[in-house]
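Here the structure comes first, spelled out in structure tokens, and everything after it is commentary.
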Amino acid sequence: MAFGSMCIGRTDRTRRRLLAAAASGAALYAVRVSAVDADPAKLSTAIRSAFGDRPIVQQRVNVELPTLAENGLVVPITVSVESPMTAADHVSRIQLFAERNNLAEIAAFELGPHNGIAKVSTRIRLAESQQILAIAETSDGRLWSGAARVEVTISGCG
């Protein structure tokens, strides 16, 4: 009788492992499908709603993130902007956009001359490999941008 109990217990553990693996696979598939369905046109719409039709100059913004992220749930990013950060001339806002996430706008930071330097660091979620765009707005309304690409091996967005 003890031998039969051991076999049943082992079968239950195997079945549980199989069910857990199937559920994990289904969840990863659902995440991957929703990431593939993301619309890159959302990026231009999000930028236009945040900044209107003002010109964006690609300069002065440095985006630092790993070129390879093993997990899209926690991708570290640092954005710095060349600015004197004086009362008359400073970065007032930095916004981050991800072209392949379900929501293109992923973060926004308000800054002022009291910050001393125009630099922010955070961790972001990414649906898949893509380019991250940072746009900095100055106190006089100018817009600067910078971008970096990251390869994601495991999706972080659903």
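The values are calculated or read from the model by the stated rules, or taken from the named source; none is laboratory data. All figures in this text were calculated on a predicted structure; none of them were measured in a lab. No Cβ is skipped: glycine too gets one built from the backbone with ideal geometry, and neighbour counts run over all protein chains shown. Just so you know, the surface numbers come from the protein's heavy atoms only, side chains and all, with ligands and any DNA or RNA stripped out. Shrake-Rupley method; radii C 1.70, N 1.55, O 1.52, S 1.80 Å.
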For this session: Out of ARG93, ARG100, report the one residue that is part of a loop (DSSP other than H, G, I, E, B) and either open to solvent by 10 Å² or more (accessible area, probe 1.4 Å) or of a type in the set (Asp, Glu) (or both).
Result: ARG100
Problem set entry | Residue identified as in a loop (DSSP other than H, G, I, E, B) and at pLDDT 95 or above among GLY146, GLY158, GLY141 | GLY141
Exercise. Does LEU133 meet the test of being touching a residue at least 40 places away in the same chain (Cβ under 8 Å) and not in a strand (DSSP E or B)?
Worked result: no
Exercise. Taking segment 74-89 only, how many residues are open to solvent by less than 60 Å² (accessible area, probe 1.4 Å) and hydrophobic (A, V, I, L, M, F, W, C)?
Worked result: 5
For this session: Would you confirm whether any residue within segment 109-120 is open to solvent by less than 20 Å² (accessible area, probe 1.4 Å) and outside any strand (DSSP E or B)?
Result: yes
Problem set entry | So GLY112, is it on the phi > 0 side of the Ramachandran plot, out of contact with any helix residue (DSSP H, G or I) (no Cβ under 9 Å at 6 or more places or on another chain) and either among the small types (Gly, Ala, Ser) or at pLDDT below 95 (or both) | no
Problem set entry | Count of segment 138-154 residues which are within 23 Å of LYS42 (Cβ to Cβ) and open to solvent by 30 Å² or more (accessible area, probe 1.4 Å) | 4
For this session: Can you tell me which residue among ALA38, ALA27 is modelled with pLDDT under 95 and touching a Lys or Arg at 6+ places or on another chain (Cβ under 9 Å)?
Result: ALA38
Exercise. Say we look at segment 55-73 and pick out the residues that are out of contact with any Gly (no Cβ under 6 Å at 6 or more places or on another chain) and under 12 Å from VAL150 (Cβ atoms); which of these is least open to solvent (accessible area, probe 1.4 Å)?
Worked result: ALA69
